[in-house]
1. Can you pull out every residue in the stretch 15-64 that is more than 8 Å from the ligand (Cβ to nearest atom), of a type in the set (S, T, N, Q) and in a loop (DSSP other than H, G, I, E, B)?
2. For the stretch 3-14, which positions are within 10 Å of the ligand (Cβ to nearest atom), outside any strand (DSSP E or B) and on the phi < 0 side of the Ramachandran plot?
3. I'm trying to understand the selection: among the residues of the stretch 27-61, which are over 21 Å from T8 (Cα atoms), loosely packed, with under 14 Cβ neighbours inside 10 Å and either touching a residue at least 24 places away in the same chain (Cβ under 8 Å) or among the aromatic types (F, W, Y) (or both)?
4. Looking at the stretch 1-13 only, could you name the residues that are surrounded by 14 or more Cβ atoms within 10 Å (Cβ to Cβ) and under 9 Å from the mean Cα position of the chain (by Cα)?
Amino acid sequence: MRVSVDGTKCEGHALCAGIAPTVFEVNAEDLAVVVDEYPGGATESEVRSAASACPTMAIALGES
Ligand code: SF4
């Protein structure tokens, strides 16, 4: 799974970092940063939950 965040949509509420803290961090500019672009295993379900919880649908998931 490949994870990316659309910085033009992110509003920095950090829901993603709360759900999947090994994949997302929120930087000093209140933008989510992907720190693990290719998470695997059990982390994938956390990332799917984070993507569903994101209020602005800023998180994109790919298959590569
Ligand atoms: S949950 Fe969505 S809007 Fe909030 S910080 Fe994460 S990517 Fe940005």
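Any read-out appearing in this document is the output of simple, stated calculations on the displayed coordinates, not a laboratory observation. This is a predicted model, so every value here is computed, not measured. All Cβ positions, even for glycine, are placed from backbone atoms using ideal geometry, and neighbour counts span all protein chains on display.
1. T22, N27, S64
2. D6, G7, K9, C10, E11, H13
3. The answer is Y38, G40.
4. V3, V5
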